[in-house]
Amino acid sequence: MPIAPFLHATMETATGGMGTPVAQILSLGSYIPDGVLTNADMEAMVDTSDTWIVERTGIRERHRVGPGDTAASMGERAAREALAKAGNPVPDAIIVATCSAATRLPSTACLIQQRLGLGGMPAFDINAACSGFVYALALSDSLIRSRALRTVLVIASEALTPLVDYTDRSTCVLFGDGAAAAVVGSGGGDGGIRAVRWAADGAEADLIYYGVREDDPDGGRAIRMAGRGTFRSAVTRFINVSELLLADAGWTADDIDWFIPHQANLRIIEATAKRLGVPMERVIVNVDRVGNTSAASIPIALHEAAATGRLRPGQRVVSVAFGSGVTWGGVALEWTGQTSR
Ligand code: UT7
């Protein structure tokens with residue numbers, strides 16, 4: 001499969017140009033709804049089994065929004081935690097990564113801006129599906145390094161379960177809901193984002209989709225996915241972008257303290273880690289407990305790694321994502337954010 005050329009972001013930060021600001025994740029927040037859908041719950045809904053789901057995906061349970069909860073309400077909660085941990089700065093922009101907004105208009109970013117009582121700064125959504133957080137980080141990194149902005153509130157929030165067809169066993173077992181947020185700032189001292197890659201290839205737009213298509217019998221009201229093709233494309237892109245990020249940052253696989261990939265399928269994660277030569281002890285995995293939360297997946301995992309004390313300042317992290325579009329990308333960074341709740 002051809003690898004599309006990458007729009008490239010961050011070589012300057014890798015070499016630390018004189019006086020160039022470096023973008024850092026200053027703090028994180030997350031919100032995962034209380035409602036749980038276990039594999040036993042899935043067995044009661046469709047022709048599946050706990051054994052199949054665990055063996056083929058690694059997922060044991062996923063969370064589900066309650067009535068009234070949306071990408072905006074979850075994103076607000078995650079944002080409040082991240083802002084509080086950073087000392088409640090007024091961000092210069094609010095960027096929300098989501099593909100599951102409850103409203104087409106206004107954007108989820110503006111709804112969260114309203115909920116937070118903020119106003120004036122630009123607020124907008126990015127839809128890059130599961131790569132949304134990486135895209136938002138890439139954009140924030142550019143805005144900060146160019147000195148256009150100093151502080152960006154990045155939120156990734158997904159209410160996917162309302163978009164799932166619970167009679168389609170090939171997709172319904174995969175997805176869960178959740179949100180996470182990061183205050184990304186122009187940092188001093190060491191650490192921060194070392195390299196970013198982001199890319200897309202619309203030639204594979206048919207792999208995962210939601211919405212009306214002429215040939216869609218059910219009017220496009222559910223997420224549809226060609227599982228095997230998506231799996232193959234994801235593994236190829238994960239490996240490729242990881243190798244590019246390592247080269248950009250001047251690191252080898254041995255230099256990575258934590259590999260924190262998008263949590264879509266444990267087999268994708270294991271295949272990538274094996275190919276890179278990163279032992280699973282240095283891979284953050286929570287797909288077993290949250291399923292695939294699309295754009296929120298990487299920041300939820302980062303938050304969990306930091307909150308549990310595994311991810312510590314100064315450590316080197318590589319995160320990679322892949323999703324509908326198809327989109328993919330990743331970030332190499334030295335961790336600077338808080339380590340506890
Ligand atoms: O976040 C965006 C990126 N998304 C991903 O990366 C997801 C990538 N894809 C995957 O994770 C995997 O392809 C799936 C988990 C979706 C499917 O696993 P697979 O090993 O690729 O299975 P398959 O689609 O090739 O299906 C194998 C069999 C089929 O039965 P037959 O045709 O062999 O009789 C399916 O009907 O497994 C069947 N199957 C199921 N059986 C029990 C599909 N889903 C289920 C299920 N329970 N939930």
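The values are calculated or read from the model by the stated rules, or taken from the named source; none is laboratory data. Since the structure is predicted, the reported quantities are computational estimates derived from the model, not experimental observations. Quick reminder, even Gly has a Cβ in these numbers, built from the backbone with ideal geometry, and neighbours come from all protein chains shown. Note: areas computed on protein heavy atoms with side chains; ligands, DNA, RNA excluded. Shrake-Rupley method; radii C 1.70, N 1.55, O 1.52, S 1.80 Å.
Annotation: amide H-H contacts under 5 Å for residue 118 (H modelled 1.01 Å from N, sequence separation of 5 or more, or interchain): none. Contact order normalised by length for the chain, with contacts defined as Cα pairs under 8 Å and 6 or more residues apart; what percent is it? It comes to 25 percent, rounded to a whole number.
Surface composition of the range 190-327: carbon and sulfur atoms hold 50% of the protein heavy-atom accessible area at a 1.4 Å probe.
For the chain, a Gaussian network of Cα nodes joined below 10 Å ranks 102, 138, 295 by mean-square fluctuation, and the top entry is 102.
How much of the accessible area of the range 40-110, probe 1.4 Å, is carbon plus sulfur, in whole percent? Write down the numbers at each step before the final one.
Numbers: 1660 of 3380 Å².
Carbon with sulfur: 49 percent of the solvent-accessible area.
A simple rule links phi to the HN-Hα coupling: the Karplus curve 6.51 cos²θ - 1.76 cosθ + 1.60 with θ = phi - 60°, which for the range 89-104 gives x, 8, x, 7, 7, 10, 10, 10, 8, 7, 10, 9, 4, 6, 10, 6 Hz, with x for Gly and Pro. Here the range 108-148 and the range 174-240 have alpha carbon centers that stand 17 Å from each other.
Across the range 307-318, computed HN-Hα scalar couplings (Karplus, 6.51 cos²θ - 1.76 cosθ + 1.60, θ = phi - 60°) run 5, 8, x, 6, 8, 10, x, x, 6, 9, 10, 10 Hz from first to last residue, x flagging Gly and Pro.
Looking at the range 22-187 only, what percent of DSSP beta bridges run antiparallel? Nearest 5 please.
Working: 21 of 30 bridges.
So the antiparallel bridges amount to about 70 percent of the total.
Which of rounded, prolate or oblate describes the range 12-92 when judged by the alpha-carbon gyration tensor and an a/c cut-off of 1.5? Don't skip to the answer; put the middle values down first.
Values: a/c = 4.53, a/b = 1.89, b/c = 2.40.
Because a/c hits 1.5 or more and a/b fails to exceed b/c, the range 12-92 counts as oblate.
Looking at the range 104-166, the chymotrypsin sites (Phe, Trp or Tyr not before Pro) that sit in a DSSP loop and have at most 15 other Cβ atoms within 10 Å of their own Cβ are 166. What the phi angles of the range 265-274 give under the Karplus curve with 6.51, -1.76 and 1.60, with θ = phi - 60°, is a coupling list of 6, 4, 5, 5, 5, 5, 5, 5, 4, 4 Hz, glycine and proline written as x.
State the antiparallel share, in %, of DSSP beta bridges confined to the chain, rounding to the nearest 5. Mind dumping the intermediate values first?
On the way: 41 of 54 bridges.
Of the beta bridges lying entirely in the chain, close to 75 percent run antiparallel.
Under 5 Å between amide hydrogens, built in the peptide plane, is the criterion, and for residue 36 it picks out 64 among residues at least 5 positions away or on other chains.
Dividing the helix sum by the residues of the chain, where each DSSP H run of 4 or more adds -39500 (n - 2.57), gives a mean residue ellipticity at 222 nm of -9500 deg cm²/dmol. What the chain shows is 40 Å² of accessible area per residue, with the surface traced by a 1.4 Å probe over protein heavy atoms.
Taking 0.36 nm per residue of sequence separation and subtracting the Cα-Cα distance, how much length would be gained by fully extending the chain between residue 280 and residue 115, in nm to one decimal?
Details: separation 165, 0.36 × 165 = 59.40 nm, distance 3.95 nm.
55.4 nm is the gain from fully extending residue 280 to residue 115.
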